[in-house]
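Visitor: The following block contains the structure, expressed as structure tokens.
Computed from the coordinates by the stated procedures, all read-outs in this text should not be read as laboratory data. Computed from a prediction, not measured in an experiment: that's the story for all the values here. Neighbour counts are summed over all protein chains in view; Cβ atoms, including those assigned to glycine, are modelled from backbone coordinates with ideal geometry.
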Amino acid sequence: MPLTIKQRLVKRVFAQYAKTQAELYPLTYLFWECTLRCNLNCIHCGSDCKKESHIKDMPVEDFTKILKEISSKYKPGEVMIVLTGGEPLMRKDLEECGKQITASGFPWGMVTNGLMLTQERFDSLVKSGLRAITLSMDGLEENHNWMRGSNKSFAGVERALKIISANENVVHDVVTCVNKRNLHELEQIRQKLISAGVKAWRLFTIAPIGRAVNYEDLHLNGSEIKTLFEYIRQCRADKKIKTSFSCEAYAGDYDHEIRDGLFFCRAGINIGSVLADGSVSACPNNNHSFVQGNIYNESFLSIWENKFESMRNRKWMKNGVCKTCKDYKYCNGGAMHLRENCKSTTLRCLSKDMTV
Amino acid sequence: MKIAKVKSSVYRKVLGVFGAAGFLVTFQACYGTPQNFIDVNGKISDKDTQEGISGLRVNIISDTDSLTATTDSAGNFYTGIISRNNKLQINIIDIDGEENGSYAELDTTIDYEDQLIDLKLSKSN
């Protein structure tokens, strides 16, 4: 359906706002890939982690040094630290990491598959300052376990759902990677989440990167993407659980209707990451070619302040399908994780896929 | 840089007019968690003169946090972060004695989203 004048105007102003953010690049969100070890073997994993990694977990002291640097320029309270992996719960010293991050004045959260989350562990993480948690649930039992490569995974998620939704002080959400197999069971997943008391549900498609490239069933076609967006729109109307599409991609004419904000890839603009080996990048799932430096050779702040040019000036992204696209002014070439290097075309455009 | 800051602020305000500014403040990175914090900023002024009051200790207590700050020469304070949607208990004590007049201690409770806390104090007799 055509956009109203107001919607067009909001999109235009928002695009200008995004442009000024790229000029200012205030760091507000920092991922820490605190381990590459993982207790699952997900077929869509973007970081290709393993049960045992040859890269050792970064000592928390090395990370808190970065936080100290960041504090010299930013208010700690304005930079969210998000622990990711691998599976963060694999770290036995996770509570100590949390305590040190909190003591440095930064709020922190973590993304988990939930398998190792017990009430006792959750309580101790809350005591260590945990503020936000995101849990993955990729389908009902059969499909979730298929994606996660473990028959025990779904039971773990069900247990974790109850634990996280019972705590009012830690903001939570559940994310679901939508694919050909679970698209038809979204409503059943939603009902399960509502029954468990989950407050927010975020839906993703799966990017053709990492291990996901090898599985055709993971990737929705244009008509299925449309089905997904229509479904999210309906869910948002009834408000039983806050439902939204992730910020992974521009969604064309649906963009203003399926999430709270418009698409804006903030990688390298507001979002940075410190990877397990000390590499500094934007989002952890960005191609390794976008690594901007390493904390063991250069200060994080120096890298953040002086590099990231390819993400703050994205003119190079106007290539391939983006070159003549009328929506480029709104999406600015789409998401960074869908580029293999700073010369490549986008691996995927959901908006264009819907028109095929 | 300054021009970009001004522009960014103007765009924020325009988006605010359209009711679309909420997502500028907090966002979720693709594979990240929701953000769950807001800054507590505020200003304490003299009830009669409307001028900011320096040298006040501001104690803020919520269900999950306990924060303290001291007002600067313009009466502004910044205590740091709290969890979203909290009811805040605020206690303000004059700690610099007679230097800029003495102010009566204030205890109050507010519903805090992310507004600038704006409180007025009266001079004690």
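Visitor: So which helices of chain A fit the span-like rule, where a helix is a whole DSSP H run, its Cα atoms reach 20 Å or more along the axis, and its mean Kyte-Doolittle is at least -0.5? Write down the numbers at each step before the final one.
Guide: Values: long enough: A:5-24 (29 Å, -0.40); A:222-238 (25 Å, -0.60).
Once both thresholds are applied, what remains is A:5-24.
Visitor: Which one, A:Glu23, A:Glu257, A:Glu224, has the greatest fluctuation when you compute a Gaussian network model over chain A with C-alpha springs under 10 angstrom?
Guide: A:Glu23
Visitor: Another one. Can you put B:Lys2, A:Lys56 in order, fewest other beta carbons within 10 Å first? Can you show the working numbers first?
Guide: Numbers: B:Lys2 6, A:Lys56 11.
In order of increasing Cβ crowding within 10 Å: B:Lys2, A:Lys56.
Visitor: Moving to a separate point now. Give me the dipole magnitude in Debye, nearest 20, for chain A about the Cα centre, with unit charges on the beta carbon: positive for Lys and Arg, negative for Asp and Glu.
Guide: Details: 50 positive and 40 negative charges, 219 e Å.
That gives a dipole near 1060 debye.
Visitor: Return the calculated 222 nm mean residue ellipticity for chain A, to the nearest 500 deg cm²/dmol, obtained by summing -39500 (n - 2.57) across DSSP H runs with n ≥ 4 and dividing by the residue count. Could the numbers behind the result be given before it?
Guide: Values: 12 runs with 119 residues, N = 356.
It comes out at -10000 deg cm²/dmol, rounded to the nearest 500.
Visitor: Same structure, new question: Check each of the GluC sites (Glu not before Pro) in region A:150-208 and keep only those in coil by DSSP with at most 15 other C-beta atoms within 10 angstrom; list them in order.
Guide: The qualifying sites are A:Glu168.
Visitor: Distance cut-off 31 Å, Cα to Cα: go down the list A:Lys68/A:Lys323; A:Lys152/A:Lys240; A:Lys56/A:Lys315; A:Lys127/A:Lys192; A:Lys318/B:Lys5 and report the pairs above it. Could you put the intermediate results ahead of the total?
Guide: Numbers: A:Lys68/A:Lys323 42 Å; A:Lys152/A:Lys240 29 Å; A:Lys56/A:Lys315 37 Å; A:Lys127/A:Lys192 28 Å; A:Lys318/B:Lys5 26 Å.
The answer is A:Lys68/A:Lys323; A:Lys56/A:Lys315.
Visitor: Given Cβ point charges of +1 (Lys, Arg) and -1 (Asp, Glu) and nothing else, what value in debye, to the nearest 20, does the dipole of region A:152-294 about its Cα centre take? All intermediate terms of the calculation are to be shown ahead of the outcome.
Guide: On the way: 18 positive and 16 negative charges, 90 e Å.
Dipole of region A:152-294, to the nearest 20 debye: 440 debye.
Visitor: Mind checking region A:264-356 for chymotrypsin sites (Phe, Trp or Tyr not before Pro) that DSSP puts in a loop (not H, G, I, E or B) and that have at most 13 other Cβ atoms within 10 Å?
Guide: Working: sites: A:Phe264, A:Phe290, A:Tyr296, A:Phe300, A:Trp304, A:Phe308, A:Trp316, A:Tyr328, A:Tyr330; in loops: A:Phe264, A:Tyr296, A:Phe308.
Sites meeting the loop and neighbour criteria: A:Tyr296.
Visitor: Sticking with this one: Among the aspartates and glutamates, which have Cα under 20 Å from the Cα of B:Lys47 when same-chain residues fewer than 8 positions away are ignored?
Guide: B:Lys47 reaches B:Asp72, B:Asp94, B:Asp96, B:Glu98, B:Glu99, B:Glu105, B:Asp107, B:Asp118.
Visitor: Net charge near B:Ser54: determine it from the other residues with C-beta under 12 Å of the C-beta of B:Ser54, scoring Lys and Arg +1 and Asp and Glu -1.
Guide: On the way: positive: B:Lys43, B:Arg57; negative: B:Asp46, B:Glu51, B:Asp72, B:Asp94, B:Asp96, B:Glu99.
Computed value for this residue: -4.
Visitor: Which loop trypsin sites (Lys or Arg not before Pro) in region A:292-356, with loop taken from DSSP, have no more than 12 other Cβ atoms within 10 angstrom of their Cβ? Could the numbers behind the result be given before it?
Guide: On the way: sites: A:Lys307, A:Arg312, A:Arg314, A:Lys315, A:Lys318, A:Lys323, A:Lys326, A:Lys329, A:Arg339, A:Lys343, A:Arg348, A:Lys352; in loops: A:Lys307, A:Arg314, A:Lys318, A:Lys323, A:Lys326, A:Arg339, A:Lys343, A:Arg348.
Here the sparse-neighbourhood loop sites are A:Lys323, A:Lys326, A:Lys343.
Visitor: Ok, one more. For the protein assembly as shown, what Kirkwood radius comes out of the mean inverse Cα-Cα distance, in Å?
Guide: Working: mean 1/r = 0.0423 Å⁻¹.
After inverting the mean inverse Cα-Cα distance, the result is 23.6 Å.
Visitor: Now, a different point. Sort A:Ile70, A:Ile258 by Cβ crowding within 10 Å, fewest neighbours at the top. Working shown, then result.
Guide: On the way: A:Ile70 23, A:Ile258 20.
So the ranking, lowest neighbour count to highest, is A:Ile258, A:Ile70.
Visitor: Kirkwood hydrodynamic radius of region A:140-185 from all distinct Cα pairs, in Å?
Guide: On the way: mean 1/r = 0.0848 Å⁻¹.
About 11.8 Å, per the Kirkwood formula over Cα pairs.
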